[in-house]
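Read through the structure below, which is laid out as structure tokens, and then see the notes.
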């Protein structure tokens, strides 16, 4: 602290002196002003002042624009100042001639009107400017909104396109992968089928197949209630679809040279034979097969 | 096949076609068993409707045909009356293939409505659904007609349950026998006497339109042929020559009768009588007994019995003058009384073998194969039902004359026993002409 | 049971009345006025017997003839046959005599069969049997106009039953005289 004081001694002395003077001035002013200040805070009870108050209120009601407010405040201050000046002049000159009062009044009026006009002009201007500003703001807002929307749309579109392209790319990738996979699988399947075919061919001519066929034949023959009209020469096919455990899911006549009773009887026979015997070797299972009806006696 | 398979496999690699040969199971035989069917007792609207059992009549008709195995009512775990109420799985579990359900409603004392439906239990398909209006006396006929409809739908053969039969009933004992010519329903119910006599009546024959019966009467101790209108009861004497007047047979157009007359030396021959003109045309002329004529379907030939070769055999001859008879039967020493099936595919006749008389059939379309249908010992007078599916004939049961039925393929046999009297010479009426 | 009994009784009665066919004697009852066979009675207007007075009344003659025991009126046949067996030759002869001596007398020959076989064919067999008797009578000089034949086939059995005893009694020709 002492160092600081020593370094900036002149500045310190100067600032102390200034502050002292200021304090004295303020004190003096406060004493003086006690006598005179109350009058400047009260509105003057004359028309001009009433108009001024309306203008003031109107100005106060105007759009909250700084310029307008300042203009209003300035107008207000000016009006107040003018009113105050006019009042004091009127008061001091009251004893004087009425003309001087009226002149003063007129001057006040004119001044008030001028102030009013000015205020209203300025108000109008302020309003206009406010409106313009508002409009401009609206326009700006709309434009902003539009821009924002467009930007959003563009962004969305872009995003969608990006997503699409990404998806397509993924799809293509998947497809390629799937195709590759399928190809691999098919080849494997083909190999399997060929192996199965070979095995099946081996089984097809095997005693197992004969046994299976015999069991199916026995079952259907026991189930077929043969009408008298189903004579030798009958040649009919019934296509049968079965579930893996032999349940007959569907049976329908695909061709038949017999009468209605015969058709009905062979179709019924397939259902009556359900559940069909299951094959001794799964390779023998046929989901769809046919019964060929051709009685030999 | 295998080579093709391999080639196909190579060509169609991408499609993965399974080239195994189609799996076919050969079916060369079936069962001649009866088709299982359930006729569920019909619901009835009131006591009056309940007093007539439609389902029982349908059941009896179908069972009597031998082609159906009807379910006992006591085995029915439920009794639906409409298709919507049928629990098909339940009936399948009872091994039932078909089901008939229905209701009998009395609308007024003289108006009944029978509603019935036929379902295939295996496929759950409705095959028939009808309503029949009938008065009380008509309920029997309506029930028979339902049996006909069910029979035809399932078997593809027209039913004959609603048709009639005629037969001779002999009451009492010699020398005080009386004879009646009777018409009844095909099941033997509703018998009505058409004519009666103290002397024998023989050989009833239905006109093709079912309105008349020709028959032989011995009322003057002489054989005479009459034609009687069934509705009015009016009859007309059509043949009363000296000697024998026998075996009337209607031509297919109903305008002629083939019959048997004797010449002065007592030789029996076949003639044709034109009922309009009374003109008589001689068809056979030989020393043997020629009798029992029957028309072919086209009216151009007659089948008949002749013993010109020693014992009775069956021949066929054209009705045009100069036609020579052709022998049809060669098995055994006694083949007589031909009757032709309505479609002329088959002939039924009486054959004697091992001391007994039996009903036999011959295939008229193929190689003349003969099948003996009954066991005898005294089976005679076969007559075809109008659907050709069953034959009614006369048999003897413990010394009594009875009527019996056998299916045209011989698989089904039934007896119809009369409450009294001896029944003989049945003749099955044709389908009503409508 | 009752029926079997009555049939049995009937059979016994018939046998007793008829006697054993083999032992049949040609014993003309006094009522039947017949001529001695062999008489050349072309005119046939004379008759040595007492019943010659019934000549003019053919109906009465017929009645009396018809009242004769069965043994005089029925000829029996073997199965499926229409030949007249020797044992019945006499019946034929007597009948021929009756007719030739009574020209206004008529004879109906009713043929019958047993109940086996088909009815219409049996009519033929019955007729054949009646015809056999007719021919035999014609051979013995009876006029054609006096004879008629008819057949009942198996329709009018004399005895009901399904055994040989009944059958044998039904295979017959009955002689029925009339004016």
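The values are calculated or read from the model by the stated rules, or taken from the named source; none is laboratory data. It should be emphasised that the depicted structure is a prediction, and the values quoted were computed from it without experimental measurement. Glycine also receives a Cβ, built like all others from the backbone with ideal geometry; neighbour counts cover every protein chain displayed.
Condition check ((1) at pLDDT 95 or above; (2) within 14 Å of chain A (Cβ to nearest Cβ); (3) out of contact with any strand residue (DSSP E or B) (no Cβ under 6 Å at 6 or more places or on another chain)) across all residues:
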site: B:5; (1), (2), (3): no, yes, yes
site: B:9; (1), (2), (3): no, yes, yes
site: B:16; (1), (2), (3): no, yes, yes
site: B:22; (1), (2), (3): no, yes, yes
site: B:29; (1), (2), (3): no, yes, yes
site: B:34; (1), (2), (3): no, yes, no
site: B:42; (1), (2), (3): yes, no, no
site: B:64; (1), (2), (3): no, no, no
site: B:76; (1), (2), (3): yes, no, yes
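Of all the residues in region B:219-232, those that are surrounded by fewer than 20 Cβ atoms within 10 Å (Cβ to Cβ), assigned to a loop (DSSP other than H, G, I, E, B) and within 13 Å of another protein chain (Cβ to nearest Cβ) number 4.
Being buried (at least 19 other Cβ atoms within 10 Å of the Cβ) and closer than 30 Å to residue B:312 by Cβ is the filter here, so list the residues in region C:83-94 that pass it. Across region C:83-94, the qualifying residues are C:84, C:88, C:91, C:92.
Just one of the numbered conditions (1) in contact with a strand residue (DSSP E or B) (Cβ under 8 Å, 6 or more places away or on another chain); (2) away from chain C (no Cβ under 13 Å) is not true of residue B:202: (2).
On the stretch given as region B:157-176, residues that are buried (at least 19 other Cβ atoms within 10 Å of the Cβ) and not in a strand (DSSP E or B) total 6.
So which of A:140, A:176 is in a helix (DSSP H, G or I) and either exposed (fewer than 11 other Cβ atoms within 10 Å of the Cβ) or in contact with a helix residue (DSSP H, G or I) (Cβ under 8 Å, 6 or more places away or on another chain) (or both)?
Criteria check complete, one pass: A:176.
Each residue in region B:291-328 was checked for being more than 18 Å from residue B:348 (Cα to Cα) and in a strand (DSSP E or B), and 1 of them qualify.
Across region A:219-239, the number of residues qualifying as farther than 11 Å from residue B:32 by Cα and either touching a strand residue (DSSP E or B) at 6+ places or on another chain (Cβ under 6 Å) or surrounded by 15 or more Cβ atoms within 10 Å (Cβ to Cβ) (or both) comes to 8.
Within region B:281-290, the set of residues being in a loop (DSSP other than H, G, I, E, B) and buried (at least 19 other Cβ atoms within 10 Å of the Cβ) comprises B:283, B:284, B:288, B:289.
Condition (residue is closer than 18 Å to residue C:127 by Cα and in contact with a helix residue (DSSP H, G or I) (Cβ under 7 Å, 6 or more places away or on another chain)) applied to region B:200-213: is it met by at least one residue? Scanning region B:200-213 turns up at least one residue that is closer than 18 Å to residue C:127 by Cα and in contact with a helix residue (DSSP H, G or I) (Cβ under 7 Å, 6 or more places away or on another chain). When B:337, B:365 are screened for being within 13 Å of another protein chain (Cβ to nearest Cβ) and in contact with a helix residue (DSSP H, G or I) (Cβ under 7 Å, 6 or more places away or on another chain), only B:337 passes.
When A:190, A:208 are checked against the criterion of being more than 12 Å from every other protein chain (Cβ to nearest Cβ) and in a helix (DSSP H, G or I), A:208 stands alone in meeting it.
Test residue C:111 against the stated conditions and say whether it is in contact (Cβ under 8 Å) with a residue 60 or more places away in the chain, facing chain B (nearest Cβ under 9 Å), in contact with a strand residue (DSSP E or B) (Cβ under 9 Å, 6 or more places away or on another chain) and crowded, with 24+ Cβ neighbours inside 10 Å.
Here the answer is yes, as residue C:111 does meet what is asked.
I need the full set of residues from region C:138-159 which are touching a strand residue (DSSP E or B) at 6+ places or on another chain (Cβ under 9 Å), over 17 Å from residue B:244 (Cβ atoms) and within 13 Å of another protein chain (Cβ to nearest Cβ), in order please. Within region C:138-159, C:138, C:145, C:157, C:158 meet the criteria. Within region C:59-82, being surrounded by fewer than 16 Cβ atoms within 10 Å (Cβ to Cβ) and at pLDDT 95 or above holds for one residue alone: C:78.
Within region B:398-420, none of the residues are buried (at least 18 other Cβ atoms within 10 Å of the Cβ), within 27 Å of residue B:301 (Cβ to Cβ), within 11 Å of another protein chain (Cβ to nearest Cβ) and more than 13 Å from the chain's Cα centre (by Cα).
Yes or no: residue B:315 within 14 Å of chain C (Cβ to nearest Cβ), modelled with pLDDT of 95 or more and either in contact with a helix residue (DSSP H, G or I) (Cβ under 9 Å, 6 or more places away or on another chain) or closer than 21 Å to residue B:258 by Cα (or both)? Please lay out each step first, then the result.
On the way: within 14 Å of chain C (Cβ to nearest Cβ): yes; modelled with pLDDT of 95 or more: yes; either in contact with a helix residue (DSSP H, G or I) (Cβ under 9 Å, 6 or more places away or on another chain) or closer than 21 Å to residue B:258 by Cα (or both): yes.
Yes, satisfied.
Please work out if residue B:359 is within 12 Å of the chain's Cα centre (by Cα) and not in a loop (DSSP other than H, G, I, E, B). So residue B:359 does not fit the description; no. Among the residues making up region B:385-397, those that are touching a strand residue (DSSP E or B) at 6+ places or on another chain (Cβ under 6 Å) and away from chain C (no Cβ under 14 Å) are B:385, B:390, B:391, B:392.
Let's see how each residue does on (1) at positive phi; (2) over 60 Å from the mean Cα position of the chain (by Cα); (3) more than 7 Å from every other protein chain (Cβ to nearest Cβ):
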site: A:219; (1), (2), (3): no, yes, yes
site: A:251; (1), (2), (3): no, no, yes
site: A:265; (1), (2), (3): no, yes, yes
site: A:290; (1), (2), (3): no, yes, no
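For region B:244-269, taking the residues that are outside any strand (DSSP E or B) and buried (at least 23 other Cβ atoms within 10 Å of the Cβ), the one that is nearest to the other protein chains (Cβ to nearest Cβ) is identified as B:266. Candidates are the residues of region B:49-74 that are more than 25 Å from residue B:122 (Cβ to Cβ) and in contact (Cβ under 8 Å) with a residue 60 or more places away in the chain; the one that is farthest from the chain's Cα centre (by Cα) is B:49.
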